[in-house]
Amino acid sequence: MSKKFKRTKILATIGPSVFSSEMIEKLLKAGVNGCRMNFSHGSHEEKDEQIGWIRSASKKIGRSVAIVQDLQGPKIRLGEIKDDHLDVKQGDELVLDFTLKQHDGGKTLPVQYNLAEKVKPGEPLFIFDGKVRTEVIGVTSATAIKVKVMNDGFLMSKKGINLPDTDMGGDILTPKDLTDIEFGATRDFDYVAISFIQSADDVERVRQALLSYGSEAQIIAKIETKKAVETYETMEEIVKAADGIMVARGDMAYEVGLEVVPVVQRKLVSLCRKHGKLCIIATQMMASMVDSPVPTRSEVNDVATAVIQGADAVMLSDESTVGKYPIETVMAMRKVILYTQENCEVDACLEVEVENKSGIKYDALSEAAVDIAERIKADAIVCETKTGLTAWAISANRPNIPIYSVTSNARVAQQLALTYANSSYVRPYSDTYGYDLAKELKNNGNKFDVLEPTVVIVSGRHKNVVGGTDTIQVRKIK
């Protein structure tokens, strides 16, 4: 058997609590496989510094690490509220005005988006994480709308607004996002995460924007809107169009209802596994550890559930950005992942359908490789890959042994760092670099418990060619 390894990966958001090269290295050593940079906060100069720290730490520990650029998207917020507090009561009528620069303490409030172009009377509008619920009465000008408050509460500056029934009409990339995409295209980002995706067409619009700036990053579609989860078919089309999915449970809860989120999460994980796409479970996985050195039982159950469902990765947000215990949180999450995977089987996935844009299918070969490896009790699967698709397909079958992927492309290796059960390595291309990697890991990497491990090597006779994978070998590494 191979040494203990975690199959579900950890994605941690970078923020003030870990804003140093030393803390980044500690995060990676504790078990982080990918770092998320939230472009709702911080400057481009800070992001450059963080990228340098991550790549330096990755090289030092000898492990590929993914970096995710998470764009702000059309996140609609209030502007500055006078004294940062405004009490509201049921029945109050508020005006939300895009052109208002300064709040005077009254019922006309500044908002950072022109809602008059999108909303219709009767639509719900939730403010401050749903704490204040309102209904649109009407559009009062070209830049302002009026809403009626449905419950007592209070408002604060810059609090978010959710519009579950409003059609944003494909308006998902803001001028700020386009500036950030242009910046990111010249930086070392492996993924770009897009907020408030509503359809597969949205994903394609984003892909064209990335291509126009020369970005090599793959797309993670954040699922958090009512329209994105209205039907199973819509969800599947989004999964197929994107390279990965983030189940953004925070905004989703206010957009579609708390009771809907667990079912949607299960469906999205299943769809991602079916199509060989990355699936990340996000939002408040261990939120209590912002202030506490230990998680709650419900948080442990939440992480364990994601592992049992077969998610590729679980994500930390506030826990690693502003929390008091970022390293302890990663260690606690790793402990839950390891115990769960060793003591509970991953939910079954009835079908895997992985193909590239040319229609070349990878599912039959990958399924056969995993089946052979488990039948002969192999110690690992070694995958030679040029684009990463073969490794994605093997991972989609959720083997209970490690996948060691070898590629000559550093970007591919970094993207694979977040995939289930996958450890990726960059090596110069050779006709035998799968076998060579297995031998290296046996002799130098300390990855196996046995003297002569058995590995299943997945490769191609037409070497280093996209779609050329066609060979499965069983090798004993002496």
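The values are calculated or read from the model by the stated rules, or taken from the named source; none is laboratory data. Just so you know, these numbers come straight off a predicted model, no measurement behind them. Cβ: placed from backbone, ideal geometry, glycine included. Neighbour counts: every protein chain shown.
Things worth noting here:
- Exactly one residue out of Val330, Val336, Val370 is assigned to a helix (DSSP H, G or I), of a type outside the set (Asp, Glu), touching a Lys or Arg at 6+ places or on another chain (Cβ under 9 Å) and free of Cβ contacts under 8 Å to residues at least 60 places away in the same chain, and it is Val370.
- Looking only at residues in region 34-63 that are of a type in the set (Ser, Thr, Tyr) and within 21 Å of Lys176 (Cα to Cα), the one that is modelled with the highest pLDDT is Ser43.
- Qualifying residue in region 287-296 (condition: hydrophobic (A, V, I, L, M, F, W, C) and buried (at least 24 other Cβ atoms within 10 Å of the Cβ)): yes
- Val352 being of a type in the set (Val, Ile, Thr), closer than 30 Å to Lys476 by Cα, crowded, with 20+ Cβ neighbours inside 10 Å and in contact (Cβ under 8 Å) with a residue 24 or more places away in the chain: yes
- Condition met for Leu100 (farther than 30 Å from Tyr404 by Cβ, among the aliphatic types (A, V, I, L, M), surrounded by fewer than 18 Cβ atoms within 10 Å (Cβ to Cβ) and more than 34 Å from the chain's Cα centre (by Cα)): yes
- Matching residues in region 257-295 - criterion: being of a type in the set (Gly, Ala, Ser) and within 26 Å of Ala421 (Cα to Cα): Ser270, Gly276, Ala282, Ala287
- The number of residues in region 130-178 that are touching a residue at least 12 places away in the same chain (Cβ under 8 Å), out of contact with any His (no Cβ under 7 Å at 6 or more places or on another chain) and outside any loop (DSSP other than H, G, I, E, B) comes to 22.
- Taking the numbered list (1) touching a Ser or Thr at 6+ places or on another chain (Cβ under 8 Å); (2) surrounded by fewer than 21 Cβ atoms within 10 Å (Cβ to Cβ); (3) not in a helix (DSSP H, G or I) in turn, Thr234 passes all entries but (3).
Yes/no per residue for (1) surrounded by fewer than 17 Cβ atoms within 10 Å (Cβ to Cβ); (2) touching a Lys or Arg at 6+ places or on another chain (Cβ under 7 Å):
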position	(1), (2)
Lys59	yes, no
Leu71	no, no
Lys89	yes, no
Lys120	yes, no
Lys148	yes, no
Asn162	no, no
Met168	no, yes
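- Within region 423-450, being of a type in the set (Lys, Arg) and in contact with a strand residue (DSSP E or B) (Cβ under 7 Å, 6 or more places away or on another chain) holds for Arg427, Lys442, Lys447.
- Filtered residue count, region 179-192, keeping only those that are among the acidic types (Asp, Glu), part of a helix (DSSP H, G or I) and surrounded by fewer than 18 Cβ atoms within 10 Å (Cβ to Cβ): 1
- A single entry from Leu125, Leu27 fulfils the requirement of being surrounded by 18 or more Cβ atoms within 10 Å (Cβ to Cβ) and farther than 30 Å from Arg187 by Cβ: Leu125.
- Members of region 98-128 that are outside any loop (DSSP other than H, G, I, E, B) and touching a Gly at 6+ places or on another chain (Cβ under 9 Å): Leu109, Pro110, Val111, Glu117, Phe126, Ile127
- Of all residues in region 32-59 being in contact with a Leu (Cβ under 9 Å, 6 or more places away or on another chain) and assigned to a loop (DSSP other than H, G, I, E, B), the one that is nearest to Ile327 (Cα to Cα): Val32
- Qualifying residues in region 312-326 (those that are crowded, with 19+ Cβ neighbours inside 10 Å and either under 30 Å from His275 (Cα atoms) or among the β-branched types (Val, Ile, Thr) (or both)) - the one farthest from the chain's Cα centre (by Cα): Thr321
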